[in-house]
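Peer 1: Below: one structure in structure tokens.
Every number here is computed from the coordinates shown, using simple stated rules; none is lab data. Owing to the predicted nature of the structure, the values given are computational and were not obtained by experimental measurement. Note that we place each Cβ from the backbone using ideal geometry, even for glycine, and neighbour counts take in every protein chain shown.
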Amino acid sequence: MAKKKTPKTEAPADAGKKAPKAKPAKAKPEAEAKPKKVGCLDAAAKVLGETGQAMTCQEMIDAMAAKGYWTSPNGKMPAATLYAAILREITTKAKESRFTKTERGKFALAK
């Protein structure tokens with residue numbers, strides 16, 4: 001018995017590849033644009049810029065809270081946290097730092 005030869009059909013070029021699965025579109029409710037939260041250091045720089053004088057960290061914390069720029073999220077010592085953050089920015093950024101230490105415990109905006 002002779003075997004029948006079947007004609008070869010060429011497969012498409014992408015026959016071995018699987019098509020990527022289409023992800024179902026998720027309906028996202030249109031969220032209102034929330035105002036970006038201002039961080040502690042940004043609020044401190046803003047307060048120092050408005051007052052134009054050197055302040056202690058506690059004075060900055062009080063001013064930030066009074067103007068509604070920033071409030072501590074259950075921090076026990078926000079003034080100490082702000083003090084450490086300002087010193088860290090001064091040491092890491094050096095000339096590019098927004099703050100400068102004027103005297104013991106007081107900071108002002110760098111010029």
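Peer 1: Modelled label-to-label distance, M77 and K106, 7 Å Cα→beta-carbon offset: nm?
Peer 2: Taking the simple label geometry, M77 and K106 are separated by 2.3 nm.
Peer 1: Evaluate E = 1/(1 + (r/R0)^6) for A66 and K36, where r is the Cβ-Cβ distance and R0 equals 22 Å; express this FRET efficiency to the nearest 0.05. Present the calculation step by step, with values, prior to reporting the outcome.
Peer 2: On the way: r = 21 Å, r/R0 = 0.94.
Calculated value: 0.60.
Peer 1: Another one. Could you give the Stokes-Einstein D for the range 40-109 in µm² per second, using the C-alpha Kirkwood radius, 25 °C, 0.890 mPa s? Don't skip to the end; give the middle numbers.
Peer 2: Numbers: Rh = 11.9 Å.
Once the numbers are plugged in, D ends up at 206 µm²/s.
Peer 1: Separate question: Amide H neighbours of F99 under 5 Å, counting only residues 5+ apart in sequence or on other chains, H built in-plane at 1.01 Å?
Peer 2: Under 5 Å from the amide H of F99: A110.
Peer 1: Across the range 101-111, in residue order, what do the Karplus-derived ³J(HN,Hα) couplings come to in whole Hz, using 6.51 cos²θ - 1.76 cosθ + 1.60 with θ = phi - 60° and x for Gly and Pro?
Peer 2: 8, 8, 8, 4, x, 10, 10, 9, 6, 6, 9
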